[in-house]
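Quick one: the structure is below, and I'll ask about it shortly.
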Amino acid sequence: TLSDRLNKVFTGLRGKGRLSQADIDSVAREIRIALLEADVALPVVRQFIAAVKERAAGEEVSRALNPAQQVIKIVNEELVKILGGETRRLQYAKQPPTVIMLAGLQGAGKTTLAGKLARHLKDQGHAPVLVACDLQRPNAVNQLQIVGERAGVAVYAPEPGNGIGDPVAVARDSLDFARRAQHDMVIVDTAGRLGIDTEMMRQAAAIRDAVQPQEILFVLDAMVGQDAVNTAEAFRDGVGFTGVVLTKLDGDARGGAALSVRYVTGQPIMFASNGEKLGDFDVFHPDRMASRILGMGDMLTLIEQAQKTFDQDETERMASKLASGNEFTLEDFLEQLQAIRRMGPIGNLLGMLPGAGQMKEALAAVDDKDLDRTAAIIRSMTPGERADPKLINGSRRLRIANGSGVKVSEVNNLVDRFFEARKMMSRMSGMGMPGGRRNAKN
Ligand code: GDP
Ligand code: MG
């Protein structure tokens, strides 16, 4: 698995302060192999590796996490990103009923999902009806009726004994039925074939045109591996869909389908099915799937905690410095600039201070290049100058400007701004910051 492979690399990283390019390359190689083994599509693997490499190389040295943890954090975050980030919710019709159409290969789990989805919606207070538009297989209508009964929802199906019905007509008629019987959600189950087939696509497209669904959910068996991408593309082109449902996640699916389908089709994964029972169903959570693929649930919790504790310590330390105005030095300022680049705690911090709205806006307006320039100037100062900026006279300013490759006026500007900010901080602390000194002077 991915976690086994990463662990192997990390053993070699123990005790290192920072990742070298060689370390990053070898991590990237292992991730690449693991993803290919998990049947992730090649373009997705490429994109993923590029993103991880770029971030790993650009990451500041973190005091909260060791290099291995930092890589795990990056890999995890990139996994979540490629899985779609946030969960998307269903779109509803302005005028009920809302129509949800299910499409996918035979055996993908559409009919089973129809029952689960109906139950889920019913639990939320909706009144769904299941519509039997799979008239291909002799037993399909009956199967849906059993599923509906189990879920405790109505099923709309053609009268038995009328020969093979027309699924498009059934779909169309079901909307009238839903309106009459006050069903606000219509779930249309359709037929699938074992392979992609033009007749099936034509039928699905005709049903789509007849009912104009708000959502077309492409139901995908997570166990299928590399074929997932081809099937998804065929359904995207033949019918189109607005969301994906992954089924059979209770099997030993390695996540390849999940990672590929979202990236390749651009459509979100909305639900996940993980068993044959009605309750084996959930809204899809990219973060949970990511930690499953990574196989490092405990490690991720640890990382999150380390980061949180660190942020808290840092925030408290800075808050007490800010409150006492005078003790805040250019060294602290430099540290803060680096922290902003990492995670932006000064923005949060200032948000908590009284009257800090304007300053916060000013900070938000500063871009990364400005921050880097400012940091470069401070780095050209001696420790003494950073601790006591009043030392920085004319000749020192020239030396600093030359050292950091900027104009003297920029150094002047920085020093002025620093004193301004410090003055403002002591004023704010005088306004009643808890624990702040009342009469801090400059
Ligand atoms: P359809 O042809 O797309 O309608 O697929 P079905 O709903 O009939 O499901 C095909 C088979 O997969 C059935 O035996 C289901 O019980 C099974 N199945 C569906 N979803 C899941 C799931 O999430 N996990 C497992 N283990 N089996 C599933
Ligand atoms: Mg079916």
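The values are calculated or read from the model by the stated rules, or taken from the named source; none is laboratory data. Just so you know, these numbers come straight off a predicted model, no measurement behind them. All Cβ positions, even for glycine, are placed from backbone atoms using ideal geometry, and neighbour counts span all protein chains on display.
Note down all Cβ pairs under 6 Å where the first residue falls in the stretch 118-134 and is surrounded by fewer than 24 Cβ atoms within 10 Å (Cβ to Cβ), the second is among the charged types (D, E, K, R) and in a loop (DSSP other than H, G, I, E, B), and they're at least six residues apart or on different chains.
Qualifying pairs under 6 Å: HIS126/ASP184; ALA127/ASP184.
Report yes if some residue within the stretch 43-59 is modelled with pLDDT under 95, farther than 30 Å from GLN307 by Cα and more than 16 Å from ligand 1 (Cβ to nearest atom); otherwise report no. Spell out the reasoning first.
Pass one, the stretch 43-59, residues modelled with pLDDT under 95: 43-59.
Filter once more, so that each one left must be farther than 30 Å from GLN307 by Cα: 43.
Now drop any that are not more than 16 Å from ligand 1 (Cβ to nearest atom), which leaves 43.
Within the stretch 43-59, one or more residues are modelled with pLDDT under 95, farther than 30 Å from GLN307 by Cα and more than 16 Å from ligand 1 (Cβ to nearest atom).
Of the residues in the stretch 244-260, how many are within 23 Å of GLY115 (Cβ to Cβ) and surrounded by 20 or more Cβ atoms within 10 Å (Cβ to Cβ)?
Taking the stretch 244-260 as the starting set, the residues that turn out to be within 23 Å of GLY115 (Cβ to Cβ) are 244-251, 253, 257-258.
Remaining after also requiring surrounded by 20 or more Cβ atoms within 10 Å (Cβ to Cβ): 244-249, 253, 257-258.
Looking only at that region, the number is 9.
Taking the conditions exactly as written (within 16 Å of ligand 2 (Cβ to nearest atom), farther than 18 Å from SER273 by Cβ and without any contact (Cβ under 8 Å) to a residue 60 or more places away in the chain), does LEU36 satisfy them or not? Step through it out loud before you land on a result.
Values: within 16 Å of ligand 2 (Cβ to nearest atom): no; farther than 18 Å from SER273 by Cβ: yes; without any contact (Cβ under 8 Å) to a residue 60 or more places away in the chain: yes.
Against the criterion (within 16 Å of ligand 2 (Cβ to nearest atom), farther than 18 Å from SER273 by Cβ and without any contact (Cβ under 8 Å) to a residue 60 or more places away in the chain), LEU36 does not qualify.
Quick one: how many residues across the stretch 267-281 are outside any loop (DSSP other than H, G, I, E, B) and within 15 Å of GLY104 (Cβ to Cβ)?
So the answer is 5.
Output yes when any residue across the stretch 194-206 is more than 25 Å from GLU276 (Cβ to Cβ) and within 16 Å of ligand 2 (Cβ to nearest atom), and no when none is.
Yes, the stretch 194-206 contains at least one residue that is more than 25 Å from GLU276 (Cβ to Cβ) and within 16 Å of ligand 2 (Cβ to nearest atom).
Turning to a different aspect of this structure: Out of (1) charged (D, E, K, R); (2) away from ligand 1 (no atom under 12 Å from the Cβ); (3) under 34 Å from the mean Cα position of the chain (by Cα), the odd one out for LYS116 is which?
Here LYS116 meets the rest and fails (2).
Residues being modelled with pLDDT of 90 or more, of a type in the set (Val, Ile, Thr) and part of a loop (DSSP other than H, G, I, E, B): count how many of those fall in the stretch 359-398.
2
Looking at (1) in contact with a Ser or Thr (Cβ under 8 Å, 6 or more places away or on another chain); (2) away from ligand 1 (no atom under 12 Å from the Cβ), which is the only condition LEU144 fails?
So LEU144 meets the others, but not (2).
Considering only the stretch 83-117, how many residues are surrounded by fewer than 20 Cβ atoms within 10 Å (Cβ to Cβ) and basic (Lys, Arg)?
Here the count works out to 3.
What is the number of the single condition among (1) surrounded by 15 or more Cβ atoms within 10 Å (Cβ to Cβ); (2) more than 16 Å from ligand 1 (Cβ to nearest atom); (3) of a type outside the set (A, V, I, L, M, F, W, C); (4) modelled with pLDDT of 90 or more that PRO158 does not meet?
(4)
Of the numbered conditions (1) assigned to a helix (DSSP H, G or I); (2) under 25 Å from ALA118 (Cα atoms); (3) touching a residue at least 12 places away in the same chain (Cβ under 8 Å), ARG288 satisfies every one except a single condition; which is it?
(3)
Using the structure shown, decide if GLU30 is surrounded by fewer than 22 Cβ atoms within 10 Å (Cβ to Cβ), among the charged types (D, E, K, R) and not in a loop (DSSP other than H, G, I, E, B).
Yes, satisfied.
Does GLY109 satisfy the condition of being of a type outside the set (S, T, N, Q), away from ligand 2 (no atom under 16 Å from the Cβ) and farther than 18 Å from PRO213 by Cβ? Show your work before the answer.
Details: of a type outside the set (S, T, N, Q): yes; away from ligand 2 (no atom under 16 Å from the Cβ): no; farther than 18 Å from PRO213 by Cβ: yes.
Against the criterion (of a type outside the set (S, T, N, Q), away from ligand 2 (no atom under 16 Å from the Cβ) and farther than 18 Å from PRO213 by Cβ), GLY109 does not qualify.
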